[in-house]
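The values are calculated or read from the model by the stated rules, or taken from the named source; none is laboratory data. Small disclaimer: the values here were computed from a predicted structure and weren't measured. With ideal geometry, Cβ positions are generated from the backbone for all residues, glycine too; neighbour counts draw on all protein chains shown.
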Amino acid sequence: MTWVFRPDTPIYLQLQERIKLSIVSGKYPPGEKLPAVRDFAVDAAVNPNTVQKALAELEREGLVHAQRTSGRFVTDDTAVIQRSKNELAMALIREFLGKMAAVGYGAAETAALISASGGAQERGVE
């Protein structure tokens with residue numbers, strides 16, 4: 001996986017976001033063991049302490065849990081995963097609506113555009 005970091009956000013938050021996205025999208029399913037901190041660090045070309053901080057935040061959120069000497073695992077609690085997935089979706093929606101408002105579209109107009117574009121995509125038209 002290629003890691004590209006934005007300069008405007010701390011790296012540990014970007015790692016946290018990326019790992020969370022991998023969990024809620026099913027790349028790391030419930031109960032699966034996550035790669036070791038060092039593996040994440042090598043892959044992302046960051047300090048292991050940065051990865052450790054990101055994983056600690058995911059533990060705090062309940063998405064990940066540590067098993068002494070065995071590593072970290074994705075929670076088995078699918079309700080926690082679904083809640084995180086919904087939170088991510090709502091954040092994306094708020095960001096999108098903010099951008100649409102910046103170009104002059106209100107919520108109703110945006111919804112109409114989404115509806116129209118969904119039908120076009122289903123037919124393979126862009």
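Here are a few things to note about the model shown:
- Residue count, region 1-39 (criterion: among the hydrophobic types (A, V, I, L, M, F, W, C), over 16 Å from Asp77 (Cβ atoms) and surrounded by 12 or more Cβ atoms within 10 Å (Cβ to Cβ)): 9
- Every pair of residues 6+ apart whose Cβ atoms lie under 7 Å, when the first sits in region 17-36 and is farther than 17 Å from Val51 by Cβ and without any contact (Cβ under 8 Å) to a residue 60 or more places away in the chain while the second is surrounded by 15 or more Cβ atoms within 10 Å (Cβ to Cβ) and among the hydroxyl-bearing types (Ser, Thr, Tyr): Pro30/Thr75
- Being outside the structural domain of Leu113 (by TED's automatic domain parsing), out of contact with any Pro (no Cβ under 7 Å at 6 or more places or on another chain) and at pLDDT 95 or above is a description that does not apply to Ser84.
- Qualifying residue in region 47-67 (condition: closer than 25 Å to Asn86 by Cβ, part of a loop (DSSP other than H, G, I, E, B) and either at pLDDT 95 or above or basic (Lys, Arg) (or both)): yes
- Test: Gly124 is loosely packed, with under 13 Cβ neighbours inside 10 Å, assigned to a loop (DSSP other than H, G, I, E, B) and at pLDDT 95 or above: no
- Here region 76-87 is the region considered, the condition is being under 15 Å from Gln16 (Cα atoms) and without any contact (Cβ under 8 Å) to a residue 60 or more places away in the chain, and the residue that is surrounded by the fewest Cβ atoms within 10 Å (Cβ to Cβ) is Glu87.
- Cβ separations smaller than 9 Å between residues 6+ apart or across chains give the following pairs from region 88-114 residues that are under 30 Å from Ser22 (Cβ atoms) to residues that are outside any loop (DSSP other than H, G, I, E, B) and acidic (Asp, Glu): Leu88/Glu17; Met100/Glu109.
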